[in-house]
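*Asks:* A single structure is presented below for examination.
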C-alpha cells in the first residue's frame, strides 16, 4: 500500500497545499496520505498555535478521502520518520525544497527511510534540479511528478487577513470561516 507523507506548518493550509496533495495522490497512486502539521517547526516561526493549525488542516483536507491529518511533535523530518518508521512511503516535497535538501538534519537517513516525491513547480529550473540531483547517491529513490501551478502562499494569506482583505479562492471556505471564528492572523505580517 503506497503511502505519502506531506509535512508542513500549514499556517494556514491553502488551496496550493490541496493541489499538491491531489497531484501526489493521482500521480503517485497513493492509497493514503499522511498530512503532518508540525507543532513547532525548527526552521520557521509560526503565527498560529499548533492546535489551531491542526484544526485548519483537518478542515482543509476533509474533502480528500485518502488524507489523514495528524500533529507532528518533531521539528525535523528525520526525527518524525524515525519515530513513525513508515513502510513503502514517499515524502512529498516541492522542487524548491529539493534544492535545499542537503541542509536538512541527517538527509542521508531521510533517504534510508523514505523515497522523495518531488513536485515540479514554477520558479525552479530543470538546471537547478539537475544540479541538486547530482548530490544524491545513485541508489537514492527520487521521483518527480507534476502539479498544477498554484501561486498561493501562507504568507500572502496571513497578510491579507491582517489587512482585512478577502481570502476567498485561496483557502477552502471552511478554513476561511475558522480563521475568522478563531481570530487568527489579525495582527500578522
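Throughout, read-outs are computed from the coordinates displayed, never taken from laboratory work. No experiment lies behind these values; they were computed from the predicted model shown. So basically every Cβ, Gly included, is an ideal-geometry build from the backbone, and we count neighbours across all protein chains shown.
*Asks:* Counting only helical runs of four or more DSSP H residues, what would the 222 nm mean residue ellipticity of the chain come to if each run contributes -39,500 (n - 2.57) and the total is spread over all its residues?
*Replies:* Estimated from H runs of four or more residues: -11000 deg cm²/dmol.
*Asks:* The stretch 57-158: D in µm²/s via Stokes-Einstein (Kirkwood Rh, Cα pairs, 10 °C, 1.306 mPa s)?
*Replies:* My calculation gives 104 µm²/s for D.
*Asks:* Determine the distance separating the Cα centre of the stretch 10-76 from the Cα centre of the stretch 126-158; give it in Å without decimals.
*Replies:* Cα centres, the stretch 10-76 to the stretch 126-158: 18 Å.
*Asks:* By how many degrees, 0 to 90 and rounded to 10, does the Cα axis of helix 50-61 deviate from the longest principal axis of the chain?
*Replies:* So the helix axis and the longest Cα principal axis differ by about 80 degrees.
*Asks:* With only alpha-carbon atoms counted, please give the Rg and Dmax of the chain, in Å.
*Replies:* Using the Cα atoms of the chain, the pair Rg, Dmax is 16.3, 50 Å.
*Asks:* Rank by packing, highest mean first: peptides 118-125, 28-35, 138-145, with packing defined as the count of other Cβ atoms within 10 Å averaged across residues.
*Replies:* Ranking the peptides 118-125, 28-35, 138-145 by packing returns 28-35, 118-125, 138-145.
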